[in-house]
Structure formats: structure tokens, C-alpha cells
1. Among all residue pairs at least 6 apart or on different chains, which show Cβ distances below 7 Å where the first residue, located in region 38-62, is free of Cβ contacts under 8 Å to residues at least 40 places away in the same chain and over 13 Å from Leu24 (Cβ atoms) and the second is among the polar types (S, T, N, Q) and not in a helix (DSSP H, G or I)?
2. Just to check your reading of the model, which residue among Leu24, Leu30 is aliphatic (A, V, I, L, M) and either closer than 30 Å to Ser2 by Cα or not in a loop (DSSP other than H, G, I, E, B) (or both)?
3. Run Ser67 past the list (1) part of a helix (DSSP H, G or I); (2) surrounded by 11 or more Cβ atoms within 10 Å (Cβ to Cβ); (3) not β-branched (Val, Ile, Thr) and report the number of the one that doesn't hold.
4. What residue, of Ile17, Ile49, is aliphatic (A, V, I, L, M) and loosely packed, with under 10 Cβ neighbours inside 10 Å?
Amino acid sequence: MSRARQLWNSFLIISIIIGAVVGLWAGRFLPGKAGELFGRIFHILTTPIILEISFGILGIIIVLALSHYHEKNADEWVEMDIPNDPTPQESNEH
């Protein structure tokens, strides 16, 4: 994968996470139960200990998902060609 594509993919992932956090923050201002729900989720996720844990788990999930994706789509399988020629010891015996 080219360097530019790696940077683009990482920028996309970071942008999605930032968009989700900002979306939760903005959802707090919705009227009624929806605003209360977004507010509670946002406040729970931004509690100091939970914030570090949730972002750590999110980071691990992203790394595992990218690893699985690249493992699935990679062309790194290598097969060794072993000739069927007899070894010199076998040829001398016959």
C-alpha cells in the first residue's frame, strides 16, 4: 500500500472518530428524550477513566480491523516449489 493511501486511510478513520464525538456532543442539544440520551452517552464517555479506556479499546479495535482487512486482501502467500527430481543418493542406488 502506498504511503499516500495509508495517510488517507488514517485521516479517514480519525475524521470518523472526531465526527462521532462531535455528533454526540451536538446531539445533547436535541429536544426531548433524544437530547437527554445523547447527553448521557456523551457525559459517560467523557468521564476521565472511561474516556481513556474507551479510546484505548477503540484503538485496539481499529488496529485489529485493519490487520484483518489487510490480511484478507494481501497477496503475501508464498509457496515453495520443490522439484520432484531424485536426490543424488537415490539416483546412485538404482
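1. Final answer for the pair search is none.
2. Leu24
3. (2)
4. Ile49
Each value in this text was obtained by applying a stated rule to the coordinates, not by laboratory testing. As the structure is a prediction and not an experimental result, all values here were calculated from the model. With ideal geometry, Cβ positions are generated from the backbone for all residues, glycine too; neighbour counts draw on all protein chains shown.
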